[in-house]
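As structure tokens, the structure follows; a few thoughts come after it.
The values are calculated or read from the model by the stated rules, or taken from the named source; none is laboratory data. Nothing here was measured: the structure is a model prediction, and the numbers come from that model. Cβ: placed from backbone, ideal geometry, glycine included. Neighbour counts: every protein chain shown. Areas reflect the complete protein model, heavy atoms only, side chains present, ligands, DNA and RNA absent. Shrake-Rupley method; radii C 1.70, N 1.55, O 1.52, S 1.80 Å.
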Amino acid sequence: MAFKTSEIFKILCIQVKHKVPDLLIKYLIFDTRRIIFPESSLFFALPGARRDGHSFIDEAYTKGVRAFVVDKKYNYSKFTESVFFGVDDTLSALQELVKHHRSRFSIPVIGITGSNGKTILKEWISHILSPEFNIVKSPGSYNSQIGVPLSVWNIDGLTDIAVFEAGISRSGEMEILQQIIQPNIGVFTNLGDAHSDGFDDINHKLEEKIKLFSACDTIICCEDDLPVSETLRKKYGKDRIISWSVLDNPESILKVRKIESQNTGFLLSFSLWGENKTLTVPFSDKVSVRLIVNVYIASVYAGAKHEMIGKKLMELSYPKMRMEIERGINECTLINDSYNSDIESISNALNYIKNLENNKSRTLIISDFFGLKQESKEVYISLKNMIKESRISKLILIGEEIIHLKEYLASDLETFIYHNTGQFIQNIDNHIFYNENILIKGSRRFEFERIFNKLSESLNKTQLIIDFEALDHNINVYRSYLNASTKIMAVVKASGYGAGAIKLAEHFQKIGIDYLSVAFIDEGIELRKAGISLPVMIFNPDYDYLDEMINYDLEPVIYSFHQFEKVLEKGIESFKFHIKLDTGMKRLGFEHEDIDKLTKYLEEHRNYKVVSVFSHLAASNDPEKDNFTIRQMETFSSMYEKISSSLGYYPLKHILNSSGIVRFSQFQFDMVRLGSGMHGVDISHIISDKLEAVHILKTMISQIKHLSPGQGLGYGLKDISDKDRTVAIIPVGYADGLLRQAGNGRYKVWINGSYAPVIADVNMDMSFIDITGIESVHPGDFVEVFGKNAKIEDLANAGNTIFYEIISRISIRIKRIYSAG
């Protein structure tokens, strides 16, 4: 959809006094940094307290823009072959043009307002409705007087449904947004204290917000929020109000009957217009109920079916953050979220630090971010409220714009101001950081990783980053091969494949993994001492320590009669354990000829509970051995049937590993075991392109050397070239996980967008990489030893070994950083 400039003159009621070009306008812009298609863009010179859009007209013109909306007093005579719309108020002109654009479409438009949750609700509704419907939605958290018209402009002739959020900071703003959005379905999220400064009181704020719904046919709200539901009903009449309740309120059309917790979320039972229904929700917190019910009703009124909504709900997730969490100096915890910065990501990060369950004080280090200007009063007020709600006790402001936030803050909040990152680092020793949660939140250009490194406990710049977002992605890839009822056991032995068993277990507990497994008792005890409550299976237990296993509620495996006798010798009255069967791997486990004797043991000791029966596949990744693998499955099922018959009940049954899930999902039984696959290594080589690297080993260049032809390198000076070379020395060696066999050109690391071969012999603590021809490489630059680009599988191949050996070799001296999803 597009407008000719001749049409825009009429819409803005401007009389054309002389002949001007009739240009075709497709894009509305107010920021010269966002000019992509200048010839079809209309630039709005929006005024501000410190920066006026009119001062950027020259730049926009130089970049090719030829259509401008300006103050009618602006002198534009020097610009040729251009169209200028002179108006009284450029923002009002933007809004008026988009109002006209919106009026051309008769489609369902969902308008969302409230104090919190608008962006999440918008994203979830849009996800539920697409791709069955072609959706237009607000990008990010575009819900302001400028953001809303820019969002609504995206409606075109292909749009089936539009979903927009609207936020206000003072009286009179919502009437304008209502005329732009013109919603026919309204959703009110909730009423809270956030963003209240521009209103007389909370009732005044409610009255202003609900003006968005003045022309809505359907208005969705929670009946139990009596101030909201009563005010809506009084203002708009009961026929337009579609409410829901968890308190069985008779006015509601949707009544939540029951919320049952499950391993992966909860089961929501409710009645809609008297018809009973259920939904499985992939979240375990009750706060999500409000969001989910609003999403459900809005989707139904937009035309979605119950079955479609139920399926799409399982794909929902909260807005993702990429955070690095690490121990800092003086018992501090560092949360580094300096990958991006806007008002929405700041809100998410502050919500994260607010919910940390420890007794540490909260510190925020924050920089300027995109869209922040001194005149952005509503943004500063939002930041002030977020900081207050997050109970921040120390604030460090870095930049030219963010420092103005201090004018809005309470005088008793400890606040420090710096104009740039370097200035703060020079003065960092003047600050006392002790026992604090320190959130480091900045735009990339401020290089806050320098602050993060300064405050880190470890001085070793080689880091092993564990990407939890990639981990979750990989788990979901494997989930796609499983039935909804199939449980997942996460293998966290060998310190969680080098990633840190406790951190992994904490994460698995949060995302709804069903079971954990480790190799030895001390690994299980470590998890229990760290507060992990998930069931933990011990693959290779020592029954001399049976009392410890029982005391720590660990579940050992029994794979021999010798172990069974050890348990009987202890005289334990009740005991739960897992049975390991050997179906062909010839490692550990009861064999087929042992089953009769085993079932006799079980029948004689019915006070002992068998939690699960399992076996290991020997070659599930090898198609040439599929016949053997199928025989293993058949043998396992036969042995399991005899065991379960003697028990009189059915223990959990599991045999599939990561590659087995992909290649033999028909044998998933009750549970599967995930190990290397969730870490991004697919030994079946079927879904490698779908998995993401979880382990990222990074280091920094220590020094750069320039070698002439004939000069040797390293011990023995054996690495010699007949060409000029530029060589970087990195502080990582075979003691850190970079195999000795990786040297002499057999493996390549990644730096500045290029691969660099590892040359000469790998030393214990250092290695050489050839950076000849790679531009702009300096000491201190990061090098990816393995991760997203330099693949750990390639390193394993270079060393004629496997993924497991590499990650189990990563030294304890390497700093672990957890990037949270």
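If I filter the range 97-117 down to residues being crowded, with 22+ Cβ neighbours inside 10 Å and closer than 18 Å to Ser169 by Cα, which single residue comes out as farthest from the chain's Cα centre (by Cα)? So, considering only residues that are crowded, with 22+ Cβ neighbours inside 10 Å and closer than 18 Å to Ser169 by Cα, the one farthest from the chain's Cα centre (by Cα) is Gly111.
The set of residues in the range 23-41 that are without any contact (Cβ under 8 Å) to a residue 60 or more places away in the chain and part of a loop (DSSP other than H, G, I, E, B) comprises Lys26, Asp31, Ile35, Ile36, Phe37. None of Val70, Val20 is of a type in the set (A, V, I, L, M), open to solvent by 30 Å² or more (accessible area, probe 1.4 Å) and touching a residue at least 24 places away in the same chain (Cβ under 8 Å) except Val20. Taking the range 490-520 as the search range and keeping residues that are part of a loop (DSSP other than H, G, I, E, B), at pLDDT below 90 and within 21 Å of the chain's Cα centre (by Cα), which one is farthest from Arg813 (Cα to Cα)? Per the criteria, the residue is Gly512. Sort through Gly531, Gly524 and tell me the only one that's of a type outside the set (Phe, Trp, Tyr) and farther than 17 Å from Gly675 by Cβ. Going through Gly531, Gly524 in turn, the sole match is Gly531. Looking at Ser341, is it small (Gly, Ala, Ser), modelled with pLDDT under 90, open to solvent by 10 Å² or more (accessible area, probe 1.4 Å) and touching a strand residue (DSSP E or B) at 6+ places or on another chain (Cβ under 7 Å)? Criteria met by Ser341.
When the range 133-183 is filtered for residues that are free of Cβ contacts under 8 Å to residues at least 40 places away in the same chain, in a loop (DSSP other than H, G, I, E, B) and open to solvent by less than 20 Å² (accessible area, probe 1.4 Å), only Ser138 remains. I'd like the residue in the range 211-239 that is among the aliphatic types (A, V, I, L, M) and in a helix (DSSP H, G or I) and, out of all such residues, is modelled with the lowest pLDDT. Here the answer is Leu226.
Quick check: anything in the range 575-587 surrounded by 15 or more Cβ atoms within 10 Å (Cβ to Cβ) and at positive phi?
The answer is yes, given that some residue of the range 575-587 is surrounded by 15 or more Cβ atoms within 10 Å (Cβ to Cβ) and at positive phi.
Taking the numbered list (1) open to solvent by 10 Å² or more (accessible area, probe 1.4 Å); (2) touching a residue at least 24 places away in the same chain (Cβ under 8 Å); (3) closer than 17 Å to Lys576 by Cα in turn, Leu598 passes all entries but (1).
Do you know which residues across the range 236-286 are within 23 Å of Lys209 (Cβ to Cβ) and polar (S, T, N, Q)? The answer is Ser243, Ser245, Asn249, Ser252.
Considering each of Glu208, Glu251, Glu275, Glu175 in turn, give the residue that is more than 30 Å from Leu409 (Cβ to Cβ), at pLDDT 90 or above and in contact with an Asp or Glu (Cβ under 8 Å, 6 or more places away or on another chain).
Sole residue among the options that is more than 30 Å from Leu409 (Cβ to Cβ), at pLDDT 90 or above and in contact with an Asp or Glu (Cβ under 8 Å, 6 or more places away or on another chain): Glu251.
Yes/no matrix, rows are residues, columns are (1) touching an Asp or Glu at 6+ places or on another chain (Cβ under 7 Å); (2) modelled with pLDDT of 90 or more; (3) over 30 Å from Glu784 (Cβ atoms); (4) open to solvent by less than 10 Å² (accessible area, probe 1.4 Å):
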site	(1), (2), (3), (4)
Phe636	no, yes, yes, yes
Lys653	yes, yes, yes, no
Asn657	no, yes, no, no
Gly660	no, yes, yes, yes
Arg663	no, yes, yes, no
Leu674	no, yes, no, yes
Asp689	no, no, no, no
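Just one residue in the set Ile181, Ile168, Ile135 is within 20 Å of Lys305 (Cα to Cα) and either β-branched (Val, Ile, Thr) or touching a helix residue (DSSP H, G or I) at 6+ places or on another chain (Cβ under 7 Å) (or both); that residue is Ile135. Hey, does the range 85-96 have a residue that's among the small types (Gly, Ala, Ser) and within 28 Å of Pro183 (Cβ to Cβ)? Within the range 85-96 (the criterion being among the small types (Gly, Ala, Ser) and within 28 Å of Pro183 (Cβ to Cβ)), the answer is yes, since at least one residue qualifies.
Out of all the residues in the range 464-481, is one or more open to solvent by 10 Å² or more (accessible area, probe 1.4 Å), farther than 20 Å from Gly677 by Cβ and not polar (S, T, N, Q)? No, the range 464-481 contains no residue that is open to solvent by 10 Å² or more (accessible area, probe 1.4 Å), farther than 20 Å from Gly677 by Cβ and not polar (S, T, N, Q). Given the structure, is Gly303 surrounded by fewer than 17 Cβ atoms within 10 Å (Cβ to Cβ), at positive phi and modelled with pLDDT under 95? Yes; evaluated as a whole, the condition is true for this residue. It is to be established whether one or more residues within the range 510-518 are of a type in the set (Lys, Arg), out of contact with any Pro (no Cβ under 6 Å at 6 or more places or on another chain), more than 23 Å from Glu641 (Cα to Cα) and crowded, with 19+ Cβ neighbours inside 10 Å. There is no residue in the range 510-518 that is of a type in the set (Lys, Arg), out of contact with any Pro (no Cβ under 6 Å at 6 or more places or on another chain), more than 23 Å from Glu641 (Cα to Cα) and crowded, with 19+ Cβ neighbours inside 10 Å. Test Tyr650 against the stated conditions and say whether it is out of contact with any helix residue (DSSP H, G or I) (no Cβ under 9 Å at 6 or more places or on another chain) and of a type in the set (Phe, Trp, Tyr). Considered against the rule, which asks whether it is out of contact with any helix residue (DSSP H, G or I) (no Cβ under 9 Å at 6 or more places or on another chain) and of a type in the set (Phe, Trp, Tyr), Tyr650 comes out as no.
Scanning the range 256-276 for residues being more than 30 Å from Phe508 (Cβ to Cβ) and touching a Phe, Trp or Tyr at 6+ places or on another chain (Cβ under 6 Å) gives a total of 1.
Of the residues examined, Ser41 is not one that is open to solvent by less than 70 Å² (accessible area, probe 1.4 Å), in contact with a His (Cβ under 8 Å, 6 or more places away or on another chain) and of a type in the set (Ser, Thr, Tyr).
Okay, residues lined up against (1) on the phi > 0 side of the Ramachandran plot; (2) surrounded by 20 or more Cβ atoms within 10 Å (Cβ to Cβ); (3) in contact (Cβ under 8 Å) with a residue 12 or more places away in the chain:
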| site | (1), (2), (3) |
| --- | --- |
| Asn607 | no, no, yes |
| Met633 | no, yes, yes |
| Glu641 | no, no, no |
| Leu647 | no, no, yes |
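Within the option set Glu447, Glu407, being open to solvent by 60 Å² or more (accessible area, probe 1.4 Å) and in contact with a helix residue (DSSP H, G or I) (Cβ under 6 Å, 6 or more places away or on another chain) holds for one residue only, Glu447. Per this entry, Ser55 is not counted among residues that are over 30 Å from Cys221 (Cβ atoms), open to solvent by less than 80 Å² (accessible area, probe 1.4 Å), hydroxyl-bearing (Ser, Thr, Tyr) and part of a helix (DSSP H, G or I).
Note on the range 638-653: residues that are assigned to a helix (DSSP H, G or I) and either closer than 10 Å to Phe667 by Cβ or among the polar types (S, T, N, Q) (or both) total 4.
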